[in-house]
1. Hey, which lysines would be in cross-link range of LYS273, C-alpha to C-alpha under 28 Å, not counting anything within fewer than 8 residues on its own chain?
2. Relative to the first principal axis of the alpha-carbon coordinates of the chain, what is the inclination of helix 25-36, with its axis defined by its Cα atoms, in degrees from 0 to 90 and to the nearest 10?
3. Compute the distance from the alpha-carbon center of region 88-134 to that of region 224-268, in whole Å.
4. Run down the lysines and flag those whose C-alpha is under 24 Å from the C-alpha of LYS550, throwing out any fewer than 8 positions away in its chain.
5. Return the whole-Å distance between the Cα centroid of region 476-494 and the Cα centroid of region 341-400.
6. Leaving out ligands and nucleic acids, and using a 1.4 Å probe, what accessible area per residue does the chain come to in Å²?
7. What does the charge count near LEU184 come to, summing +1 for each Lys or Arg and -1 for each Asp or Glu among other residues with Cβ under 15 Å from its Cβ?
8. Place a +1 charge on the Cβ of each Lys and Arg in the chain and a -1 charge on the Cβ of each Asp and Glu, then give the dipole magnitude about the Cα centre in debye, rounded to the nearest 20.
Amino acid sequence: MYTFRNVVILFCLFSWPSISESCNAVDKEALLDFKHKITHDPSNLFSTWTPSSDCCKSWEGISCDSAGRVVNLSRSGLNGDLDDGPLDTFISGTLSPFLGNLSSLQLLHLSNLKELKGHIPLELGKLSRLRHLFLNTNKLTGSIPVTFGSLSGLEKLYLNANSLSGIIPLDIFKSFTSVLELGLSGNNFNGPIPSSIGNLSMVSSLDFHENNFSGRIPETFGNLKYLIYVDLSGNQLTGSIPNSIGGLLHLQVLYLNHNKLTGRIPSSIFGIKSLEFCRISNNNLTGNIPATIGQLPKIQRLIFENNKLSGKLPATIGHLTTLTEMYFSNNRFTGLIPSSFDNLQNLQTLDLSRNRLSSPIPPQLQNLKNLQQLDISFNPLALVSLPLWLSKVDLFQLGMAGTGIKGQLPRWLASSPVSILDLSSNSLTGKLPTWIGNMTSLSFLNLSNNALYSLIPAEFKNLSLLNVLDLHSNKFSGNINHIFSKNNLYPRGAYDSIDLSYNKFSGPIDENIGEGVAMPYIASLILSNNSLGGSIPKSLGKLSQLQVLKLVNTGFTGRIPQKIGNAKRLTTILISKNKLNGSIPKNILNLEYLQEFDVSQNRLSGRIPQHKANIPVSAFLGNLGLCGSPLPPCKQTQS
């Protein structure tokens, strides 16, 4: 794959130390015209390019052969010390068609110039000696020139991370028989991948991800016998995965995720002995996983989530002793989790959530000493209680939501090192124990949709790393402010989101909530359907990162604080079903990013301020004193 170190090596390969002739006049004219097309050069990349100097001897980024012909044109910062890394560069301008006159050019490297715009000139197709072309990470537009079909000696072509579009010329790949690496990712290419791609007989790396390619994956992919890396993810590809991919005997990385692929996973894929990373998630794949999946001796990651795969999990997966990550969530797998999984001694992540798996969970999983993340949420396991053997596994993440757990939280959690804990949507009862304060590694805690009750214990403040808290839909009670005043191991322990809705918490909310040490980075605050009372704190306007504020049916009285409009990132404000009075502040209704707003069922009055956001009439109903668009016009006495 294309790296900075590769580029430095290329620079050395294409540099000629002994130059006996001065710069060729045609080449110099072409380079000066390119400089003329650059409208802004704050990085001073072209400061040495002067008409009075020799482009072979004095111009930065230029190398020539012994005849004075330019063979290397590369942006500054690629020929420095490796330890220093590449210099950050920036120019504005366009590519000059005169670059096509550099008839001896072998390396053209103009990547990461950021504001290089316009079309790729057709004239670049005249560079018959060109071996490496890097135009990635710019803002180039238009299509790939059909003249590129003449670049028969090209070995590396990177056009990724631009704004290129259109279809790939059908015949362009027929002459690319020398291409080793091809990068077209991060553009807007559409249409089918031409079947002529099978002509790239020497290619080792293909990166087409994040485009709009459609149609089927050509069967001719099976011709690419030297392919090591292929990424077709993030497109609109349809049809089945071609069986011919199983013939890519050197393939190490296969990414086909986030497409619209259908059909079964061809068993031929599991005959690729070199395969290390296989990601086919987020498609519409169906059928069983073949037992031959156990024949991948080097596989490290299997990511099959978000498909429609069904049947039992093959016990042969237990043969994959090199496997480190297994994501099979959101499919339709049934039956038991194979006990053979205890052979996966390198496994770090096991995600089987949102399937149809049944009990028991094999206790042999406790033998997976490297396991860090285990998620089997939302399977009909009917567990009743958390398996005790889980206490013997040092997990970073444990997801057991929607698995039928009942009763109280088990005491062994107090000494668990778990950081991410999701036990939501179960039938947990009882109090939130005081030992919750011992779980000081917690960064994410979701106990929502249970039947827990009690006050929040004072020890809760010890969760100094907690970022995400979701306790909604329980029966918690007591003063809500204990949650906002927890300790904060700055900056890691500040809240990102809090959801306490549908409980029995009481208020009023501390007026200084927006100044709390745990609150400065919070993005979502949801407190709806609690009996809080009092007024909406003005200090909420100091939460500069706040995007979502939901305070529905909380018993608030008084006016809507104008200072909430100081929280400039707000996209959602829901404060309906309260007892708020007064008018709607204009600055709040005109927040730049506001998408959802609802003040219905209050006691508000006055004219609704003019606003740009598309807010439905239902958002203002139930306030007898409100008037103006989208409600009926105001009468003179209401204005």
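The values are calculated or read from the model by the stated rules, or taken from the named source; none is laboratory data. Treat the numbers as computed from the prediction; the structure is a model and nothing was measured. In this analysis, Cβ positions are derived from the backbone assuming ideal geometry, glycine residues included, and neighbour counts consider all displayed protein chains. These area figures cover heavy atoms from the full protein model, side chains too; ligands, DNA and RNA do not enter into them. Shrake-Rupley method; radii C 1.70, N 1.55, O 1.52, S 1.80 Å.
1. Cross-link targets: LYS156, LYS225, LYS260, LYS298, LYS308, LYS312, LYS369.
2. It works out to around 20 degrees.
3. Between the Cα centres of region 88-134 and region 224-268 lies a distance of 32 Å.
4. In chain and number order, the partners are LYS461, LYS475, LYS486, LYS504, LYS538, LYS542, LYS563, LYS568, LYS577, LYS579, LYS586, LYS612.
5. Value for the Cα centre distance between the two parts: 30 Å.
6. Numbers: 26540 Å² over 639 residues.
I get 42 Å² per residue for the chain.
7. Working: positive: LYS156; negative: GLU181, ASP207, GLU210, ASP231.
That sum, taken over residues with Cβ under 15 Å, equals -3.
8. Numbers: 52 positive and 39 negative charges, 447 e Å.
So the magnitude is around 2140 debye.
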